[in-house]
Amino acid sequence: MIKISPSILSSDFSNLETEIKKLETAGADMLHIDVMDGHFVDNITIGPTVISSIRKKTNLIFDVHLMISRPDKYIDDFIKSGADILTIHFESQSNIKESLIKIKQKNCLAGLALKPKTDPDVVLEYLNILDLILVMTVEPGFGGQEFMSSMIPKIKRVREYINNFSFNNIDLQVDGGLNNITSKKAISSGANIIVAGSYIFKSNNYKNQIKNLKNLK
Ligand code: DX5
Ligand code: ZN
């Protein structure tokens, strides 16, 4: 079952509630929320205050992608704000295992994201704790970048690890440059959650775009 997680980074922030309602109607499976601190990546986006306020407007699953240097310091805040899935970066300056365990202890799903240059083998140590692995298909920081086809072998490798070690509960998410063509490649390589920002929000027919991403004809 392929799930689509629209990234609100490319949405109209002055009308966030309307955008979220449109995504609900369009069949989004969850909402991808990109948090950037201006340190782990150059860009600065939103934090727990905005997440809490949109939490009151929708029951969609909140898939929160933390592109911040010290996720360990903010786990409580993001879970309190309404995150259902909290994904931290392997490359961040936190103790990864402790942070993932802390997320799980607070009844939240735990994800680990890998930047493009990071070796897929790093996930092996955490497979028994993880609910989600995010393979970045662009350098994190901005929406609207081109999908890196060189990430295909990495997606396949992570899928092999999940299947070979029977961790079939772990979702394999891809993020960056996903459109109708690149999502097809990612899905056939083993991804089951597609994050998409510009491909959805540049269109005026979100439903159609979500359907295209799932490669449903
Ligand atoms: C990039 C973010 C992505 C981004 C995706 O750092 O993590 O979620 O919003 O946007 P598109 O789909 O436009 O590449
Ligand atoms: Zn993201």
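The values are calculated or read from the model by the stated rules, or taken from the named source; none is laboratory data. Everything numeric here is computed off the predicted structure, so don't read it as measured data. Ideal geometry is used to build each Cβ from the backbone, glycine not excepted, and the neighbour counts take in all protein chains shown. For accessibility, only protein heavy atoms count, side chains too; no ligands or nucleic acids. Shrake-Rupley method; radii C 1.70, N 1.55, O 1.52, S 1.80 Å.
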I need the phi-derived Karplus couplings for region 74-79: 6.51 cos²θ - 1.76 cosθ + 1.60, θ = phi - 60°, integer Hz, Gly and Pro marked x. 10, 4, 4, 4, 6, 5
Long-range amide H contacts for SER7: which residues qualify at under 5 Å (H placed 1.01 Å from N, peptide plane, sequence gap of 5 or more or a different chain)? HIS32, ALA196, GLY197
Treating cross-link reach as a plain straight distance, find the aspartates and glutamates whose alpha-carbon is under 13 Å from the alpha-carbon of LYS214, omitting any fewer than eight places away in the same chain. ASP29
Quick one: work out the % antiparallel among DSSP beta bridges in the chain, nearest 5. 5
For region 6-109, with every protein chain kept in place, what is the accessible area per residue (1.4 Å probe, Å²)? 45
Calculated [θ] (222 nm, deg cm²/dmol) that DSSP helices of n ≥ 4 give over the chain, each run adding -39,500 (n - 2.57): -9000 deg cm²/dmol
Label-point separation in nm, VAL50 to GLU98, each point 7 Å along Cα→Cβ: 3.0
Quick one: work out Rg over Rh on the C-alpha atoms of region 80-165, Rh as Kirkwood radius. 0.97
Using amide H atoms built in the peptide plane, which far-off residues or other-chain residues are under 5 Å from ILE61 H to H? LEU31
Given charges of +1 on the Cβ of Lys and Arg and -1 on the Cβ of Asp and Glu, with all other atoms neutral, how large is the dipole of region 71-217 about its Cα centre, in debye to the nearest 20? 640
Using a probe of 1.4 angstrom, how much of the accessible area of the chain is carbon and sulfur, in percent? 48
Mind jotting down the distance between the C-alpha centroids of region 156-209 and region 1-76, whole Å? 17
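So if the hydrodynamic radius of region 3-214 is defined as the Kirkwood radius over C-alpha pairs, what does Stokes-Einstein give as its diffusion coefficient at 10 °C and 1.306 mPa s, in µm² per second?
On the way: Rh = 16.9 Å.
Answer from the Stokes-Einstein relation: 94 µm²/s.
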Residue by residue through region 121-132, the couplings from Karplus 6.51 cos²θ - 1.76 cosθ + 1.60 with θ = phi - 60°, in Hz, x for Gly and Pro, are 4, 4, 6, 4, 5, 10, 3, 6, 10, 7, 9, 8
